[in-house]
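Trainee: Starting off with a structure, shown below.
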Amino acid sequence: YAQPCVPTTPHQLPALPLQEYAHSIRLDGDIMLGGLFPVHSRGERGVPCGELKKEKGIHRLEAMLFAIDLINKDPELLPNVTLGARILDTCSRDTYALEQSLTFVQALIERDGSDVRCANGDPPIFAKPDKVVGVIGAAASSVSIMVANILRLFKIPQISYASTAPELSDNTRYDFFSRVVPPDSYQAQAMLDIVTAMGWNYVSTLASEGNYGESGVEAFVQISRESGGVCIAQSLKIPREPMPGEFDKLILRLLETSNARAVIMFANEDDIRRILDAAKRNNQTGHFLWVGSDSWGSKISPVVQQERVAEGAVTILPKRASIDAFDRYFRSRSLSNNRRNVWFAEFWEENFVCKLGMHGKRPGSPKKCTGLEKVGRDSTYEQEGKVQFVMDAVYAMAHALHRMHRELCSGYPGLCPRMANVDGKELLTFIRAVNFNGSAGTPVTFNENGDAPGRYDIFQYQINNRSTAEYKVIGHWTDQLYLNVRMIWTSGDTSVPASVCSLPCKMGERKKVVKGVPCCWHCERCEGYHFQASEFMCELCPYEQRPDQNRTGCQPIPIIKLEWHSPWAVLPVFISVLGILATTFVIVTFVRYHDTPIVRASGREMSYVLLTGIFLCYAITFPMIAAPDVAVCSFRRIFLGLGMCFSYAALLTKTNRIHRIFEQGKKAVTPPRFISPASQLVITFSLISVQLMGVFVWFAADPPHTVVDYGEQRTQDPENARGVLKCDISDLSLICSLGYSILLMVTCTVYAIKTRGVPETFNEAKPIGFTMYTTCIIWLAFIPIFFGTAQSAERMYIQTATLTVSLSLSASVSLGLLYMPKVYIIIFHPEQNVPKRKRSFKAIVTVATMTSKLSQLTSERPNGEVKTELCEGMDTSSEYKNVI
């Protein structure tokens, strides 16, 4: 500022005119602090400043003055050093605040006066501006950002009492900026913790256009994305200059994602009030679940006459306390004792709705101010919420200066030469290192980015039983959330309303997430043998297990075996028992009548071998039905084919003997070799030994053991799945075991066919033939039944029953056709069981030859001629009559 030329010495400064401080407050002091406060609101239509802000402006400004007074009176803090102040009005506008803050850097700018001369030609004398060592402020984040950019150029530290934008935590861009309030990133984390604690995972965000709203929502979105537990349905912005109907459009857009009932709001109180009003107009009272930032906090103005639509809103506010000493100080302020505040007269008019003289700011006011009015008595008064933080910011600067003074001046009374020009970078180091209890008793500290720790109170706007609405503290947040669940929604239903995209899936269902929206999903049931392995995956149970009832895990598949009481077991056992009794009866009968002609003529040795085989065919039913173990499996392997092998080896030997006898008789009168009983036994047991040898090789190659077959009854519905306990005998092993016996049976059938021409009165050729024909039919029926049911769920029952019944029927055919007629004669017709004259081999051959001849004549001549010729032949061989 160039001053008129006046006589003065170079070391004397003229008094500055009063106009210079018309829009600022100046307090003299050894060390000057700057202050930035929104004393007035933003002006309209090009006017920089608007109406006075009583609370956010005057209360906060007076808090700084009050804190400086206390510090200057404190003998322990900055002794013999007086703090001064230069306080400016930002008018809630960042550009205007930037212009005002140039005042703080004037002392650091060298002025060139070479082009300026007084009228008398003397050089001008410049008034030396105050050197500000640090700045308290600003309030709005946008203002702090603008001011911080210029203050950092001149290395002037800055401590804000209200700016919470996360952007200001960037220490590379705002390295001289600190704040005693926590950044919105902490607030966003606290709000996210609230949303998570409420069980909400699908929310919308609403921000006022500007740095505070947009950066707050951006921080919330970023933290929610990192945590992965909350999805953003919509992010809407409220324009700075909203058009008519804009708020109704915002409500309708929020309703497009109606499941996202929770709305996260970073908006100024005017926008909050108007969005609540729009929700009320659109009949959405009770639909939205508002979660408000500290701009809503516990303020009354946004919810006046909108209590119902705001009911249940959860808001957040930095933890703070009312400073009683400030209340006493402010209530004592008057026009006479507070002349240092150039805006106090304007506040007086606004507060008491009166006019001060002709030049008052309220020309339309009906009454004049007396000057005797009293704050809190003649007007309502409630301490503004950031007063505590303004005082903490001033004290933080004072504590930093105190430590700096103690270190640089070391006991020097007042300012020493080393602190005549305070180094801003050095002061910043002391500011970041402060640690003291603030005006509310809470610690004041800064981290490496200049941020204060996060401490918040959580409020809920509730309407009590008397229909009066109030904010109730329901918890707090200090690095983590503490909620008093019993205090939430006390007026009605205590259950927390939902704000989710998709309802939780039921047990046994997996989430199929919608692409790009991890909080929205479709529920898909884990089907078949799959169980719910995780929230998003179904996995296949191990082969021997099936899903449990809830499909949240696997349980062993029940193991079954053929039970004795099963219908599939009762019939084979019944047939087997009857067969065993009948076979035993035949054996006992043969043993008792061992030397009778019929028993002897049947070939006693071969009969006992054959009856043993029949007995084993019946007996195999029991190990086939018994519970499998190593012993049972061993018996199955040994006796499954052995019974048939015994039977058909004996029958094959018999039919082969008959065939050889009659074939030999056609060539010579000498009998063939190996037709004696001893030879027959050797042949029979030689055939049986092949079966036994095969079984022993099987034992050596694959020792018997049990297995549980889970594939046999693995039904589509796991509830019906069963594991079948069985012996490790595959279908191929079974075919090999029975294959040799079937080969014997087929060979025996071939010989039975070849000996079908033997006379009835000779041996057992025809009964053996009928036995083999019937047996072949039984086993031909067995094959399709046994192998055709391989895919059936009842496979074990059908195959076991089929096999055992087929064995029993084969044995029954042999027993019935070969031995029952003999037993019948032995018991009921003993007169026929008498010895008769033996035939020589020559007689047998002659009869066989004549029988063959008869067969040929039968096909060539009439019946009478055949009979005559037969009689003639019989007469010539009368000596061979009366043979068996």
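The values are calculated or read from the model by the stated rules, or taken from the named source; none is laboratory data. The model shown is predicted, which means the values in this text are computed figures rather than measured ones. Methodologically, a virtual Cβ is constructed for each residue, glycine included, from the backbone with ideal geometry; neighbour enumeration extends over all protein chains shown. Accessible surface areas use protein heavy atoms only, side chains included; no ligands, DNA or RNA. Shrake-Rupley method; radii C 1.70, N 1.55, O 1.52, S 1.80 Å.
Trainee: Can you find a residue that is outside the structural domain of Gly312 (by the TED database) and open to solvent by less than 10 Å² (accessible area, probe 1.4 Å) anywhere in region 215-225?
Mentor: no
Trainee: Could you check how many residues of region 604-644 are open to solvent by 20 Å² or more (accessible area, probe 1.4 Å) and touching a Gly at 6+ places or on another chain (Cβ under 6 Å)?
Mentor: Residues meeting the conditions: 1.
Trainee: Now, a different point. Could you go through region 82-104 and let me know if any residue there is modelled with pLDDT under 90, open to solvent by less than 60 Å² (accessible area, probe 1.4 Å) and either under 24 Å from Cys416 (Cβ atoms) or not assigned by the TED database to the domain that holds Ala140 (or both).
Mentor: Yes, that holds for at least one residue.
Trainee: Please report, ordered by residue number, the helices (runs of 4 or more DSSP H) entirely within region 567-679 with at least 2 residues that are more than 58 Å from the chain's Cα centre (by Cα).
Mentor: Output list reads 567-592, 597-601, 604-619, 630-665.
Trainee: Given the residues Val195, Val133, Val203, which is the only one that is among the hydrophobic types (A, V, I, L, M, F, W, C) and under 30 Å from Leu27 (Cβ atoms)?
Mentor: The unique qualifying residue is Val133.
Trainee: Within region 1-59, can you find the residues that are open to solvent by less than 50 Å² (accessible area, probe 1.4 Å), in contact with a Pro (Cβ under 9 Å, 6 or more places away or on another chain) and at pLDDT 90 or above?
Mentor: Residues satisfying the conditions are His40, Gly57.
Trainee: Can you name every residue in region 60-81 that is at pLDDT 95 or above and of a type in the set (A, V, I, L, M, F, W, C)?
Mentor: Leu61, Ala63, Met64, Leu65, Phe66, Ala67, Ile68, Leu70, Ile71
Trainee: Only residues that are crowded, with 20+ Cβ neighbours inside 10 Å and part of a loop (DSSP other than H, G, I, E, B): list them for region 537-558, please.
Mentor: Selection gives Cys541, Arg551, Ile557.
Trainee: Continuing with the same structure: Which of the residues belonging to region 241-263 are among the β-branched types (Val, Ile, Thr) and touching a residue at least 40 places away in the same chain (Cβ under 8 Å)?
Mentor: Thr257, Val263
Trainee: Can I ask one more? Just to verify a result, which residue in region 790-835, among those that are buried (at least 17 other Cβ atoms within 10 Å of the Cβ) and of a type in the set (Val, Ile, Thr), is farthest from Phe622 (Cα to Cα)?
Mentor: Once the filter is applied, the top-ranked residue is Ile826.
Trainee: If the requirement is being modelled with pLDDT of 70 or more, open to solvent by 40 Å² or more (accessible area, probe 1.4 Å) and not aromatic (Phe, Trp, Tyr), which of these qualifies: Asp122, Asp115?
Mentor: Asp122
Trainee: Output the qualifying pairs, or none if there are none: Cβ atoms under 6 angstrom, residues six or more apart or on different chains, first residue in region 305-323 and at positive phi, second residue crowded, with 23+ Cβ neighbours inside 10 Å.
Mentor: Close Cβ pairs satisfying both conditions: none exist.
Trainee: Also: Residue by residue through region 232-244, note down the ones that are open to solvent by less than 40 Å² (accessible area, probe 1.4 Å) and at pLDDT below 90.
Mentor: Selection gives Pro242 alone.
Trainee: On the basis of being in the same structural domain as Trp200 (by the TED database), of a type in the set (D, E, K, R), over 21 Å from Leu252 (Cβ atoms) and surrounded by 14 or more Cβ atoms within 10 Å (Cβ to Cβ), does Glu307 make the cut?
Mentor: So Glu307 passes the test.
Trainee: In this structure, is Val434 open to solvent by less than 20 Å² (accessible area, probe 1.4 Å) and in the same structural domain as Ser332 (by the TED database)?
Mentor: Yes; evaluated as a whole, the condition is true for this residue.
Trainee: OK, next. Out of the residues in region 717-767 meeting the condition of being modelled with pLDDT under 85 and of a type in the set (Phe, Trp, Tyr), tell me which one is nearest to Gln555 (Cα to Cα).
Mentor: Among residues in region 717-767 that are modelled with pLDDT under 85 and of a type in the set (Phe, Trp, Tyr), the one nearest to Gln555 (Cα to Cα) is Tyr751.
Trainee: Residue by residue through region 261-279, note down the ones that are β-branched (Val, Ile, Thr) and either over 32 Å from the mean Cα position of the chain (by Cα) or part of a helix (DSSP H, G or I) (or both).
Mentor: Ile272, Ile275
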